[in-house]
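The next block holds one structure in the form of structure tokens; read it before the comments.
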Amino acid sequence: MNIAQRSLEIMSGFLKSYGPSNIKKLLWDKEFSGGKWNFIDNTLGDCVYPHLATHLHNGSILDLGCGPGNTANELPGSAYQIYIGVDISEAALDKARKRTEQNGRAGKNLFVKDDFLSYIPTQRFDVILFRESMYHVPVGKVKTILDRYAKYLKDGGVFVVRTQGETTKHRTKAMLSIIESEFGVVEKSRYREPDEATVLVFRPRRTC
């Protein structure tokens, strides 16, 4: 990759995380419709699924940055009753909806096109999931975003964040440090395969 291509990749990555919603939508739609993210379509057996099943109690899950619907279609159907996935890319959601129809889950899976940084839920959930999508939250806004979504957790509900790569990387380390210092960690698990994943389960700390 030459310098110009590398510069474009950096700029695109920055805009997909920090740009205006209309720009983010255009960039993500282009990548999903162009097949760039086809390699993530099959994540059966991912390490995050047992954690979700444990805390869902056959209840409800909000998946922020749901992409092409992996969680909605690979999580055991018996683990949940209601799934809502939010993503800014209509191209990704088209794929998610088609997979859902094929898997006979149209009655329990709902997909919403929106920027999850500003999305306002209409109900409360047992689990709110950020599956790699936390990388697209500016580090300085991680606590603000989580505090806002905490209002939409049911009593006893939890956040689940999945990261990938070494936790010593600056952004990952900063993100996890904020969560661990500001919230009550229920579980923290590291997995070497397939991608050095970390799964963090946590909830807001009780206030007197």
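So here's what we get for this one:
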item: E196 versus S118: modelled label distance in nm, points set 7 Å from Cα along the beta carbon direction; result: 3.5
item: Derived scalar couplings ³J(HN,Hα) [the range 71-84; Karplus, 6.51 cos²θ - 1.76 cosθ + 1.60; whole Hz; x for Gly, Pro]; result: 4, 4, 10, 9, 5, x, x, 6, 7, 8, 10, 10, 10, 10
item: Label-zone membership for the range 64-91, site E182, 7 angstrom Cα→C-beta point, backbone N under 20 Å; result: 64-65
item: Efficiency of FRET from Cβ geometry, K30 and A150, R₀ 22 Å, rounded to 0.05; result: 0.10
item: 5 angstrom amide H check on A197, placed H, neighbours 5+ away; result: G165, Y191
item: Phi to ³J(HN,Hα) by Karplus 6.51 cos²θ - 1.76 cosθ + 1.60 over the range 191-206, Hz, x for Gly, Pro; result: 10, 6, 10, x, 9, 6, 7, 10, 10, 10, 10, 7, 8, x, 6, 5
item: Calculated from backbone phi, Karplus (6.51, -1.76, 1.60) coupling profile of the range 50-65 in Hz, x at Gly/Pro; result: x, 5, 4, 4, 4, 9, 6, 6, 6, x, 10, 9, 10, 10, 8, x
item: Entries in K143/K173; K24/K95; K36/K169; K30/K169; K95/K143 that, when Cα-Cα distance is taken, lie over 21 Å; result: K36/K169; K30/K169; K95/K143
item: Mean Cβ count within 10 Å, highest first, over the residues of peptides 114-122, 56-64, 172-180; result: 56-64, 172-180, 114-122
item: When the range 45-103 is reduced to its Cα atoms, the Kirkwood hydrodynamic radius in Å; result: 11.6
item: Debye log10 I(q)/I(0) for the chain, one point scatterer per Cα, at q = 0.10, 0.12, 0.15 Å⁻¹; result: -0.41, -0.61, -0.98
item: Expected 222 nm ellipticity per residue - DSSP helices of 4 or more, -39500 (n - 2.57), all of the chain, to 500; result: -11500 deg cm²/dmol
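Coordinate-derived values only; no laboratory data. Source: prediction; values computed, not measured. In this analysis, Cβ positions are derived from the backbone assuming ideal geometry, glycine residues included, and neighbour counts consider all displayed protein chains.
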